[in-house]
1. From the list Leu44, Leu97, exactly one residue is surrounded by fewer than 16 Cβ atoms within 10 Å (Cβ to Cβ), under 21 Å from the mean Cα position of the chain (by Cα) and within 27 Å of Ala153 (Cα to Cα). Which is it?
2. With (1) among the aromatic types (Phe, Trp, Tyr); (2) open to solvent by less than 80 Å² (accessible area, probe 1.4 Å); (3) in contact (Cβ under 8 Å) with a residue 40 or more places away in the chain as the list, and Phe157 as the residue in question, which single condition is left unmet?
3. Could you go through the stretch 186-209 and let me know if any residue there is modelled with pLDDT of 75 or more, among the hydrophobic types (A, V, I, L, M, F, W, C), exposed (fewer than 10 other Cβ atoms within 10 Å of the Cβ) and assigned to a helix (DSSP H, G or I).
4. Of everything in the stretch 47-79, what is under 22 Å from the mean Cα position of the chain (by Cα) and open to solvent by less than 80 Å² (accessible area, probe 1.4 Å)? Give them in sequence order.
5. Which condition from (1) in a loop (DSSP other than H, G, I, E, B); (2) over 24 Å from the mean Cα position of the chain (by Cα) is the one that Ile39 breaks?
6. From Lys129, Lys106, grab the single residue that is modelled with pLDDT of 90 or more, surrounded by fewer than 16 Cβ atoms within 10 Å (Cβ to Cβ) and not aromatic (Phe, Trp, Tyr).
7. Take Phe176 and tell me if it is open to solvent by 40 Å² or more (accessible area, probe 1.4 Å), farther than 14 Å from Phe93 by Cα and part of a helix (DSSP H, G or I).
8. Starting from the stretch 164-191, take each residue that is under 18 Å from Arg227 (Cβ atoms) and list its partners that are open to solvent by 50 Å² or more (accessible area, probe 1.4 Å) and of a type in the set (Asp, Glu), counting only C-beta distances under 7 angstrom and pairs at least six apart or across chains.
Amino acid sequence: MFTSFFIQNIWLIYTVLAFLLAMFFGLFLFWRAGKRELIEGQLLFDSFFFFLAGSLMGRIVDFFVRVDFYHWSISKLLFFNVYHGFDFFGAFFGGLLAVFFYLREKKQNYWLIFDCATSGMAFAMFLYKLLQFVLEKFILNMAGFSFVKLYIAFGYFLIFWAIKKFEKKKKHRGFFASFFLVSFSTLNLIVLIYSNNLSKINYFYILFLMSAVLLATSVNWYLISKRRINSDIKNLFSMVLLVLFKLKRLFTNLKEADNTAKVIVLGPLYIAKWLYFLVKYIGREIYVSLLDMLSAFGLSK
């Protein structure tokens, strides 16, 4: 009887276990990052539980997005054990919103806590999407499965890797949170282009949400980095002038034209040398990244 129940509900059981495993690793990385910043453990765990509470918003968002499934039936919304459905983006941003109000009430810095959470979030998303791909490809052996989940998992791993690399240098508060949101929204916009099984409502919902997050985060990132817009405009203008003067010399100066011709002739050799150094650099970065990841989980010094 138990075996029959397991076979019939393998997707649900596996999904719950994958979620719990991803959540465990994400929480562990969040806790380690918070302790490095000397944040109280109680505040870290409270923020985590408020994030989980806010993530329940995913069910409500799913109710409004999948109108064709719920048909505005409140009973379908409440009986989630019968009518399955949960919106990932609604859960994610609902959790962030709940933590924001909690930290504001506690008079704590939201960006500091969010910065500490980014590596854990990225790794948890990577692990969950990877386990979903394993379920569809190797366990259920679903016909017509897509590699999209594997590509998404790889995208989240790249975000995680970039965050770990950036951590080696001191950044302004809110840098990692802004980088994560920009990368997160960009990745999902790219995936949206290749998604062909979404309803019209879902497609425009994701398109509008991710575009809004990308735009709002980019503007906010610029503001919290305390850059001066006048200086940036002057630097941009100077760079454009340098390029124009370079082009002018190219067409009017014989020596400049000669150097450009040499570069074109020796182009294949330069490309070969560039590829050699690129492969060497990538190999070294992969090795260092593996050490960084082991160190993040406390498995290496």
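The values are calculated or read from the model by the stated rules, or taken from the named source; none is laboratory data. Model, not experiment: these values are computed from the prediction. Because the Cβ atoms are built from the backbone with ideal geometry, glycine has one as well, and the counts that use them run over all protein chains shown. We work out accessible area using only protein heavy atoms, side chains counted, and drop any ligands, DNA or RNA first. Shrake-Rupley method; radii C 1.70, N 1.55, O 1.52, S 1.80 Å.
1. Details: Leu44 fails: surrounded by fewer than 16 Cβ atoms within 10 Å (Cβ to Cβ).
Selected residue: Leu97, the only one of Leu44, Leu97 that is surrounded by fewer than 16 Cβ atoms within 10 Å (Cβ to Cβ), under 21 Å from the mean Cα position of the chain (by Cα) and within 27 Å of Ala153 (Cα to Cα).
2. (3)
3. Checking the stretch 186-209: at least one residue is modelled with pLDDT of 75 or more, among the hydrophobic types (A, V, I, L, M, F, W, C), exposed (fewer than 10 other Cβ atoms within 10 Å of the Cβ) and assigned to a helix (DSSP H, G or I).
4. The initial filter retains those residues of the stretch 47-79 that are under 22 Å from the mean Cα position of the chain (by Cα), namely 47-59, 61-62.
Once the filter is applied, which keeps residues that are under 22 Å from the mean Cα position of the chain (by Cα) and open to solvent by less than 80 Å² (accessible area, probe 1.4 Å), the stretch 47-79 yields Ser47, Phe48, Phe51, Leu52, Ala53, Gly54, Ser55, Gly58, Arg59, Val61, Asp62.
5. (2)
6. Lys106
7. Working: open to solvent by 40 Å² or more (accessible area, probe 1.4 Å): no; farther than 14 Å from Phe93 by Cα: yes; part of a helix (DSSP H, G or I): yes.
Here the answer is no, as Phe176 does not meet what is asked.
8. Pairs that qualify, where the first residue is under 18 Å from Arg227 (Cβ atoms) and the partner is open to solvent by 50 Å² or more (accessible area, probe 1.4 Å) and of a type in the set (Asp, Glu): there are none.
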